[in-house]
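Below: the structure, in structure tokens.
Nothing in this text is a laboratory measurement; each read-out follows from the coordinates by a stated rule. Note that this is a predicted model, so its numbers are computed, not measured. Please note: Cβ atoms are built from the backbone with ideal geometry, for glycine as well, and neighbour counts cover all protein chains shown.
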Amino acid sequence: MPQQPIAKPQRIAARVADVGGMPVRRLLPTRERRTVGAWCFLDHAGPVAFEAGGGMHVGPHPHIGLQTFTWLIEGELLHSDSLGNRQWIRPGQVNVMTAGHGISHAEEAPEDRAGRSHAVQLWIALPDGQRECAPMFQHCPELPRIARGGFAITVLVGDWLGATAPATVFSPLLGADLRTDTSAATTLPLHADFEYAVLCLDGELRIDGEALVADTLLYLGLGRDTLHIETAAAAHLLLIGGTPFAEDVLIWWNFVGRTTEDMVQATHDWNHGDRFGEVPGTRLQRLAAPDVAGLQLRKATPT
Ligand code: MN
């Protein structure tokens, strides 16, 4: 049987948003593309320097139906949640919070000192079988690191290049960080039944011959079994992929669900202090949900 033709890559430019005082570039969801595998949200935050008292401060807010996935590149962030977890995340580490039926959390930079911050924050849509599961939190302090063709590769989630990342997920998924301080080139194996996208975090790349600059997502689609990555100088990129998510995802504010009713109920529960518990030990103000009547307008932005 002839191989299916590989679609021309789709370029998605970031739009700028603000999350808890931090400028972020948002790559997913966009008008052009809602998901890559089960990945349904992607913010590139920083790199930015801040004075004491600055940096990211996101007060208690709820989530349903997703996993939040934080990859910290520079700086420090304290995660605290309604299960009682208080966990610092540091460069080279991943935090995965599974919201399931409902959880609330806060994220904050150290109060007492100046610093830098650089992170990628993603959401993973939970499939129907898991989206009402009990909430949980996983800190991954050590991740598999591999050297290939001049790139330092960290496997953030999934199985790749003979390594398995520790994060627990519920869909076939890959996340990897690739970095080089100098010119580098490599060809890496892919799963033809995964769709993939590459985000250039810094520098300039050629991905299977396509030029790519910072804060542009290159959606590669399905059907590739290799990926050629090349750069003439220092560069940093994120590769995400997974089997196409089979369910229609509705995202509103910090909720991932399927129907407007999911969103109305979750908003009601958050506003009435039900379902999502309390986040102990933070002085940050609880975030108010936007008016759910605005759902049709799709104007609310996630935090
Ligand atoms: Mn959150």
Could you list, in sequence order, all residues of segment 35-72 that are more than 14 Å from the ligand (Cβ to nearest atom), surrounded by fewer than 24 Cβ atoms within 10 Å (Cβ to Cβ) and more than 13 Å from the chain's Cα centre (by Cα)?
46, 47, 48, 49, 50, 51, 52, 53, 54
So which of 193, 291 ends up being farther than 25 Å from residue 107 by Cα and away from the ligand (no atom under 16 Å from the Cβ)?
193
Can you name the number of the only condition in (1) within 16 Å of the ligand (Cβ to nearest atom); (2) touching an Asp or Glu at 6+ places or on another chain (Cβ under 9 Å); (3) farther than 18 Å from residue 38 by Cα that residue 139 fails?
(2)
Can you work out which of the residues in segment 111-129 that are away from the ligand (no atom under 16 Å from the Cβ) and not acidic (Asp, Glu) is surrounded by the most Cβ atoms within 10 Å (Cβ to Cβ)?
118
Can you find even one residue in segment 2-15 that is within 14 Å of the ligand (Cβ to nearest atom) and under 30 Å from residue 128 (Cα atoms)?
no
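Yes/no per residue for (1) in a loop (DSSP other than H, G, I, E, B); (2) of a type outside the set (Ser, Thr, Tyr); (3) more than 25 Å from residue 79 (Cα to Cα):
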{"residue": "244", "(1), (2), (3)": "yes, yes, yes"}
{"residue": "247", "(1), (2), (3)": "yes, yes, yes"}
{"residue": "251", "(1), (2), (3)": "no, yes, no"}
{"residue": "264", "(1), (2), (3)": "no, yes, yes"}
{"residue": "278", "(1), (2), (3)": "yes, yes, no"}
When you check residue 188 against the structure, is it assigned to a strand (DSSP E or B) and buried (at least 22 other Cβ atoms within 10 Å of the Cβ), yes or no?
no
For residues in segment 82-110 being among the polar types (S, T, N, Q) and within 16 Å of the ligand (Cβ to nearest atom), which is nearest to residue 279 (Cα to Cα)?
82
